[in-house]
Each structure stands twice: as structure tokens, then as C-alpha cells.
Amino acid sequence: MISYEKGLPLKVQVERPDFKSYLLMDRDFQGTRLGLVSAMSYIRDSFMIHNDDFRFFFMQMGVKELTHMELMAELLHQMHGSDDRYYDESNDDTPAHELIPPLDEPKKVEPMSQAHTNNDITAVTLYHLDDEERQIRLYQEMGAKIEDGGAHAVFDYIIAGKRENVKILKDILHTLKEPAEIKDFGLGADSHNAWSPNAGNYFDKPNPEFINPSELYSFHEKGKQ
């Protein structure tokens with residue numbers, strides 16, 4: 001389903017490496033973790049959705065977050081200021097990789113935790129909408145604290161992508177709230193099945209069969225004849 005294309009959608013080039021900015025992005029703002037966690041969440045949720053259109057949108061947004069993670073990884077590498085790539089294991093000069101941060105290092109930004117929502121696609125969509133808007137604020141804050149044109153280009157690209165996600169999520173919510181588009185499957189509000197419970201399907205889980213009140217009234221009238 002997901003194919004990897006060599007090359008990033010944006011050329012990343014920092015104006016000047018700055019180790020303090022690297023630490024700020026990697027530690028205080030979670031670096032590549034933001035994109036990775038979002039991608040995992042979107043892709044996982046896409047498999048919980050029955051409707052193919054909504055499922056595609058969630059998968060598409062998940063893949064986009066993987067791209068954002070790649071951009072942040074390249075930005076972090078350049079901002080580090082030295083070649084911090086891993087060496088071949090046979091090289092005796094392999095540097096030690098920092099595994100444990102200082103114990104007194106504060107965690108200023110905590111990732112959102114996604115609770116189980118009983119397969120409710122509306123609740124899941126609202127969760128992702130809140131998280132996207134939260135992350136937009138985080139990248140804007142990064143841009144305000146880091147004075148580098150190359151870094152700003154990456155932040156702006158990611159923010160634009162996240163605003164696209166916000167629009168998609170709002171469109172999904174709009175679709176879920178419109179009875180004419182969901183409950184009657186395009187039959188129209190004037191149709192006798194427009195508000196039929198057994199025509200209602202919020203795509204994430206089909207409703208069981210119920211008797212439409214208008215149908216029940218028809219049965220009652222026929223019984224009188």
C-alpha cells in the first residue's frame with residue numbers, strides 16, 4: 001500500500017548549523033516523534049474505518065506525516081552542525097550514541113494520548129483535528145524561537161500540510177453531520193426514507209435494522225383498510 005519514493009518534496013538547507021536549535025527541536029519539541037506518532041495513529045485508525053473514502057483520507061494523512069518526519073530528520077541532521085551519521089560497525093571510530101538524557105531534563109511538550117473511542121469515527125476525527133491544531137501551534141512556536149530561513153521553510157511546509165489535514169478532517173465531520181448525505185444515501189430530504197433509522201449508516205459501523213416510523217404508520221393505515 002505504501003511505496004517509498006527517493007527524495008524529499010522540499011530541499012532542506014539550513015543557513016547555519018546551530019546545536020542549541022538542534023536540542024530545542026529534538027528535545028523540547030520532540031523532533032521526528034511528532035510526525036511518527038501522528039503517522040502511526042492515522043494509519044492504525046484507517047484500518048478501523050469501513051468506508052473506503054474515509055479510510056483513504058486517513059491513510060493519506062498518515063503517509064503525509066511520515067514525509068513530515070523525514071523532513072524533520074534531515075533538518076535535525078543539518079542543524080546538528082557535525083556529521084552525526086552512524087558509521088559502519090567495522091569502523092573503530094564509531095561514536096557513542098547518546099541513549100539516556102540527563103535526569104533533570106524537563107519535558108516541556110507531551111504528546112497527546114489517544115483513548116479508545118468505541119470505534120466512533122466522529123470522536124476519532126475530533127481527536128485528530130485537535131492534535132493537528134495543537135501541532136500547528138508547536139511548529140509556529142518553533143519558528144518563533146529558531147532564526148534560520150532553512151528551518152522556517154521546513155516548518156512552513158509542514159504547517160501547510162497540517163492545515164490541509166485540518167480541512168480534510170473538518171470536511172469529514174461535515175459529511176458525518178449532514179443527514180441528506182449520510183442517513184438517506186442521497187435519496188433527498190423529501191424521500192420517505194430520508195430519516196429512516198435503517199438507512200442511517202455513519203460508515204464506521206452499520207446500524208441494525210429498525211422499522212421506519214413512516215413505514216410503521218403505513219402498516220397501521222393498511223391495517224385499517
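Go through region 2-52 and count every residue that is in a loop (DSSP other than H, G, I, E, B) and open to solvent by less than 30 Å² (accessible area, probe 1.4 Å). Can you show your working first?
Step one: filter region 2-52 for residues in a loop (DSSP other than H, G, I, E, B), giving 2-18, 29-32, 47-51.
After this cut, where a residue has to be open to solvent by less than 30 Å² (accessible area, probe 1.4 Å) as well, the list is 12, 14, 29-31, 49, 51.
Looking only at that region, the number is 7.
Could you list, in sequence order, the residues of region 149-166 that are open to solvent by less than 80 Å² (accessible area, probe 1.4 Å) and closer than 18 Å to residue 73 by Cβ? Within region 149-166, 150, 151, 152, 153, 154, 155, 158, 159, 161, 162 qualify.
Checking each residue in region 119-148 for being of a type in the set (Ser, Thr, Tyr) and either open to solvent by 20 Å² or more (accessible area, probe 1.4 Å) or modelled with pLDDT under 95 (or both) picks out 122, 125, 127.
The values are calculated or read from the model by the stated rules, or taken from the named source; none is laboratory data. A quick note: this is a predicted structure, and the numbers were derived from the prediction, not measured. Heads up, the Cβs are rebuilt from the backbone with ideal geometry, glycines too, and the neighbour counts pull from every protein chain shown. To get the accessible areas, we keep the full protein, side chains included, count just its heavy atoms, and leave off ligands, DNA and RNA. Shrake-Rupley method; radii C 1.70, N 1.55, O 1.52, S 1.80 Å.
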